[in-house]
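Scroll down for the structure; my scribbles are underneath it.
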Amino acid sequence: MSATAMKPAVPAASTPSERSAKDNQGSSNYKGFVAGVFSGIAKLSVGHPFDTIKVRLQTTDKSQFRGPLDCLVQTLRNEGVKGIYKGATPPLVGWMFMDSIMLGSLSVYRRVLNDNFFNPRQDLSSGDRKKLPVLGHAVAGTMAGWTVSFIAGPVEHIKARLQVQYAADKSKRLYSGPIDCLKKIFRGHGVRGLYHGLSATLLFRTFFCFWWGTYDLFTSALQKHTSLSTPAVNFWAGGLSAQVFWLTSYPSDVVKQRVMTDPLGPERKFPRWRDAAKAVWRENGWRGYWRGFVPCFLRAFPANAMALVAFEGVLRALP
């Protein structure tokens, strides 16, 4: 997810499914890892074309594309189906590490916040832990978002640069692929070049507070007022909270993409993310911060739905 990148199949800290998962963690670790790989492939297959259209709309003006449909048609006409999957390799490889760090750190932050700030005097020996409040889930989400940013930053940087290469002929592109892109950026600009746009990435992932805060709210409400199964609760809570996340974070994602596709040399236009934010406003006003929102919003549910289907299916199939 891109911010996108989180799977809704992860239950909130207070749900029975997570407690069960903890009990069986040692014996099922490899299953979750393998299932996560297939989940990432499914999410990428469904969601990456939407992401490519989103990034192209975010980083161009109206003179190039009139809207999402025009961008899709031009991409397919000029570059074929491969055009909408440009930059797919970095997130596919990166998600395996990003999900591990994101979910692992999220669990740690939830426990630390609950035991030291929100419920510090509870008797842990009884085994009856008090529930982390919504604010705690939101704070843990932001902290986990910041943590994973140090992996997500370079991955999303390379992905964005590949996605805005419009030449159908590979010989005319600056980068022939993700490895070539990584090598050229590192050779020309070092580690700092790879982490170009890190501050904008940290800003964007600060909004994970809305994702995980509302995920807890939706999970509790669905468990209390419906008879849905645990996977169904995870799916709907994850999908709805993802929509809340994008509604609150999308302008910061536009700024992040502008920074990440900015030239790295002396012709650099945006030394800071604030400069990119001002440029978006100067060019298109408040509407500029929402350019490309439709494909992003449409992507959330189908991508996460397919990821969940793949994840659960592989888990059941593994011995």
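The values are calculated or read from the model by the stated rules, or taken from the named source; none is laboratory data. None of these values were measured; they are calculated from a predicted model. All Cβ positions, even for glycine, are placed from backbone atoms using ideal geometry, and neighbour counts span all protein chains on display.
Things to note:
- In the range 117-146, the residues that are part of a loop (DSSP other than H, G, I, E, B) and either surrounded by 10 or more Cβ atoms within 10 Å (Cβ to Cβ) or at pLDDT 90 or above (or both): 119, 122, 129, 130, 131, 132, 133
- Count - residues of the range 163-201 that are part of a helix (DSSP H, G or I), closer than 20 Å to residue 264 by Cβ and of a type in the set (Gly, Ala, Ser): 5
- Residue match in the range 214-221 (condition: farther than 30 Å from residue 80 by Cα and modelled with pLDDT under 90): yes
- Subset of the range 57-107 (residues that are at pLDDT 85 or above, surrounded by 14 or more Cβ atoms within 10 Å (Cβ to Cβ) and among the basic types (Lys, Arg)): none
- Cross-chain or 6+ apart pairs with Cβ under 7 Å, the range 216-240 first and in a helix (DSSP H, G or I), then at pLDDT 85 or above and of a type in the set (Val, Ile, Thr): 216/134; 217/134; 233/219; 237/219
- Conditions (1) touching a helix residue (DSSP H, G or I) at 6+ places or on another chain (Cβ under 6 Å); (2) surrounded by fewer than 21 Cβ atoms within 10 Å (Cβ to Cβ); (3) hydrophobic (A, V, I, L, M, F, W, C); (4) in a helix (DSSP H, G or I): number failed by residue 259: (2)
- Residues in the range 262-295 that are within 20 Å of residue 198 (Cβ to Cβ), among the aliphatic types (A, V, I, L, M) and not in a loop (DSSP other than H, G, I, E, B): 276, 277, 279, 280.
- Some residue of the range 251-263 being more than 27 Å from residue 189 (Cβ to Cβ) and in contact (Cβ under 8 Å) with a residue 40 or more places away in the chain: no
- Residue match in the range 148-155 (condition: out of contact with any strand residue (DSSP E or B) (no Cβ under 8 Å at 6 or more places or on another chain), at pLDDT below 95 and over 18 Å from residue 102 (Cβ atoms)): no
- In summary, residue 204 fulfils each of the numbered conditions (1) outside any loop (DSSP other than H, G, I, E, B); (2) out of contact with any Phe, Trp or Tyr (no Cβ under 8 Å at 6 or more places or on another chain); (3) farther than 20 Å from residue 44 by Cβ; (4) at pLDDT 85 or above with the single exception of condition (3).
- Among residues of the range 138-179, those that are closer than 12 Å to residue 87 by Cα and without any contact (Cβ under 8 Å) to a residue 12 or more places away in the chain, counted: 2
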